[in-house]
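Undergrad: I'd like to ask some things about the structure below.
The values are calculated or read from the model by the stated rules, or taken from the named source; none is laboratory data. Please read all numbers here as calculations on a predicted model, not as lab measurements. We place every Cβ from the backbone using ideal geometry, glycine too, and count neighbours over all the protein chains shown.
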Amino acid sequence: MITSVPSLMSDISGVGRDRARGGYSRFVLTPAELELREWFGGEAARRSLDVEVDRNGVLWAWHSAGSSTGAVVTGSHLDSVPGGGAFDGPLGIATAFCAYDRLLNEGALGDRPFAIAAFPEEEGARFGVACLGSRLMTGAIDPDRARGLTDADGVSYAEALAGAGIDPRHIGPDPDRLKSLSAFVELHVEQGRGLIDLGQPVAVGDAILGHGRWRITVRGQGNHAGTTLMDDRRDPMVAAAAIVVAVRDLARQQPDARATVGRIQPVPGGTNVIASRVEVWLDVRHPSDEVTASLVARIAASASSLAASEGCTASVTEESLSPTVHFDASLRSSLCAALPGAPVLGTGAGHDAGVLGSHVPTGMLFVRNPTGISHAPEEHVEDDDADAGADALARCLAPLLRV
Ligand code: GLV
Ligand code: MN
Ligand code: MN
Ligand code: MN
């Protein structure tokens, strides 16, 4: 059985469509993502792969072999940002199943165990911390902190896990599992224009830009929109608006920096209510962690003074920080050797591969996105390129399975 990637992608094209925002909203452990996890189980079962849900809620589809160590793993994630595209995450899972079909057909599955993995909450769209599953597995986040993270409705990660039948008491570092893996290769839709400009369908990943998230809490005085005179207000929304502009201006002064406020939450959030508090979520990326730290410090200082001029306060909390990652050089050479002529590209987007990379030899493949747009409904992959991605993945995995 050789399945085509477009046919697998079309099987899930109706799951988690977001009518209000456009695109897809497949938040971790909500009905849409759970439906994709079911689909993953069904695709595994059709191939007689053994499905495992590990202590951190990571899904694995195992082709077991003679040996129990040195497993070669490929995969990605099933969750999405709000109103995201169809490919960010699921393309890496669909191509993984299709690459498996090719490897099986060619008799290329050797003695090493092989698995397809799907990591929960890669986007951090529901609980705020990106790559939550891989961070837990590698010990990059304290399990108590992860259990206590809450979504917009106040549901904790512990409650969400329990609701999906995953015991939240058991989440946390999994060194034995990490030791049992010999390589992790994540295929992902490209989230920029690199491959369009090069006129190529597939690239080998090189590095992930360092990035982090901070929450700026701006506090003022909640009050009535009609009875509070303009001069009597301490309105944190006004301060937040100035802070958003300052983020853009400060980032522009720092070469190679990217800083974004893509989410802002006034509390309580009523048209006729002056907010009492505003949560401003900040995403900052730069190749140097020192530069990121100094840019965030300048943003924090500016936020405090802008808040003070509105009679408000601003405090900054770090939510997560991921240093720049350079993928394993020898694995990258192996991927390049399997794909002669494929370009080597870095990315400004975060991935579970970046988190796993400090524990397991890790690499990535990127597939051309003809719009160059991602984290938006316009993200796209042509059918031929999707299948070229599965072919490339199979070609990259085959030698890893032979060693
Ligand atoms: C995830 O895709 C990120 O880069 O934020
Ligand atoms: Mn993403
Ligand atoms: Mn992704
Ligand atoms: Mn990502």
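Undergrad: Given the structure, is residue 67 in contact with a Ser or Thr (Cβ under 7 Å, 6 or more places away or on another chain) and either buried (at least 18 other Cβ atoms within 10 Å of the Cβ) or modelled with pLDDT under 95 (or both)?
TA: No, not satisfied.
Undergrad: Among the strands (runs of 3 or more DSSP E) contained in the range 309-378, which hold 3 or more residues that are away from ligand 4 (no atom under 16 Å from the Cβ) and outside the structural domain of residue 181 (by TED's automatic domain parsing)? Walk me through it before giving the result.
TA: Numbers: elements: 313-322, 344-347, 362-367.
By residue number, 313-322.
Undergrad: Still on this model: Inside the range 287-301, can you point out the residues that are of a type outside the set (Val, Ile, Thr) and out of contact with any Asp or Glu (no Cβ under 9 Å at 6 or more places or on another chain)?
TA: 289, 290, 293, 294, 295, 297, 298, 300, 301, listed by residue number.
Undergrad: If you don't mind, there's one more thing I want to ask. Just need a number here: residues in the range 379-403 that are within 20 Å of the chain's Cα centre (by Cα), of a type outside the set (Val, Ile, Thr) and in a loop (DSSP other than H, G, I, E, B).
TA: The total comes to 2.
Undergrad: Working only within the range 76-119, note down all residues that are away from ligand 3 (no atom under 16 Å from the Cβ), among the small types (Gly, Ala, Ser) and surrounded by fewer than 21 Cβ atoms within 10 Å (Cβ to Cβ).
TA: 107, 108, 110
Undergrad: Quick one: residue 279 ticks every box in (1) touching a strand residue (DSSP E or B) at 6+ places or on another chain (Cβ under 8 Å); (2) crowded, with 19+ Cβ neighbours inside 10 Å except a single one, so which number is it?
TA: Only one criterion is unmet by residue 279, namely (2).
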